[in-house]
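Here is the structure we will look at, set down as structure tokens.
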Amino acid sequence: MLAKSETRRFPPWIKVQGRFSDEYHDLKRLMRAEGLHSVCEEARCPNIFDCWERRTATFLLMGDVCTRACGFCGIATGKPRLLDPDEPRRVAESIRKLGLRHAVITSVNRDDLPDGGAHHFHEVIRILREVHPGCGVEVLIPDFMGDDRALERVLDARPDILNHNVETVPSLYHLVRRGAKYERSLRLLARAKAYAPGILSKSGIMVGHGESQGEVLQTMRDIRASAVDILTVGQYLQPSKEHLPVRRFWTPEEFASLAREGLAMGYSHVESGPLVRSSYHADQQVSQVPGRSGVAPPSIPLTVVDSR
């Protein structure tokens, strides 16, 4: 969230009401007790009260320090600590204790690791399937520097949804996603669907960095061309004065228009709105996909297609 002095610049449709429910406090206590991190807190997500009240949460693996310095992200940048080999078990057990219906598992970028942390993702999904099989599992992964084997390691654990955010239009990558490449992210999404066509794929973008509507629509087409099923579109909000400024606030009507355009492009579901984030209403998005009344069963068969 932004400092009070900055919130006055928000338009009237950017408004979050804090609700400190019992569910919110339960999650916060468990996070502290287990020494876990959530992107909800680390990235200062405005939807934390809503999501935690509905018993959905986004767990942040591999510490709270990222090896990249993206211009939009509130997570700290620096030299990460050594991996905690027990973290996947603790995350899975915490999800079970909370009785979460849908868990989103993400991570900081760990470019210092040979596999970018893919094994950590694999292990938390595998253990979660054993201890809490009724929970939907969504992973929001980094680009693994384009390593197909790392991506396949995650997919072999059979998450219900494989998410990787493109984040912004290609002309702004040098500012918004330092260290990332637009084409590499698109290729990862296409490769994921080719390797595991039964697993839903998802991506997200932010607006407000100064991109044009035409650039946003072309980016949406590019993502859809990578066979992505679900798209999220939200308003960028500046985490602090040290981060990129908001160049423009898009209106609710413009977000609704993007949703209609996305559905016309062939997406199964488009979540588009000022406060939408990658994990916002993640538990409800699966049911919007034709033929999916809930999360996919963990026994989805993988059809391997060599697209190298």
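Given H placed on each backbone N at 1.01 Å, which residues far from Leu61 in sequence or on other chains put an amide H within less than 5 Å of it?
Here Thr106, Ser107, Val108 satisfy the definition.
For Arg29 and Arg81, FRET efficiency with R0 = 30 Å and r from the beta-carbon atoms, rounded to 0.05?
0.80
Identify the GluC sites (Glu not before Pro) of the range 137-245 meeting these criteria: DSSP loop state and at most 12 other C-beta atoms within 10 Å of the C-beta.
Glu242
Can you bin the range 100-147 into rounded, prolate or oblate? Criterion: square roots of the alpha carbon gyration tensor eigenvalues sorted a ≥ b ≥ c, rounded for a/c under 1.5, prolate for a/b above b/c, oblate for the rest.
prolate
Tell me the label-point distance for the pair Ala227, Thr251, using the 7 Å Cα-to-Cβ offset, in nm and rounded to one decimal.
3.9 nm
Output ³J(HN,Hα) for the range 263-270: one whole-Hz value per residue in order, computed from phi by the Karplus curve 6.51 cos²θ - 1.76 cosθ + 1.60 with θ = phi - 60°, and x for Gly and Pro.
These are the phi-based 3J(HN,Hα) values: 5, 5, 6, x, 5, 6, 8, 10 Hz.
Of Lys15/Lys202; Lys97/Lys202; Lys79/Lys181; Lys15/Lys241; Lys181/Lys241, which ones are farther than 29 Å apart at the Cα?
none
Could you tell me whether the range 195-241 comes out rounded, prolate or oblate from its Cα gyration tensor? Rule is a ≥ b ≥ c as square roots of the eigenvalues, rounded for a/c under 1.5, then prolate if a/b exceeds b/c, otherwise oblate.
Oblate, because a/c is 1.5 or more while a/b does not exceed b/c.
Checking the a/c ratio against 1.5 first, then a/b against b/c, what shape does the Cα gyration tensor give for the range 137-231?
Values: a/c = 2.21, a/b = 1.67, b/c = 1.32.
Taking the square roots of the gyration eigenvalues as a ≥ b ≥ c, the range 137-231 is prolate.
Computed from the coordinates by the stated procedures, all read-outs in this text should not be read as laboratory data. Note that the coordinates shown come from a computational prediction; the quantities given were computed from them, not determined experimentally. FYI the Cβ positions are ideal-geometry reconstructions off the backbone, even for glycines, and counts take in every protein chain you see.
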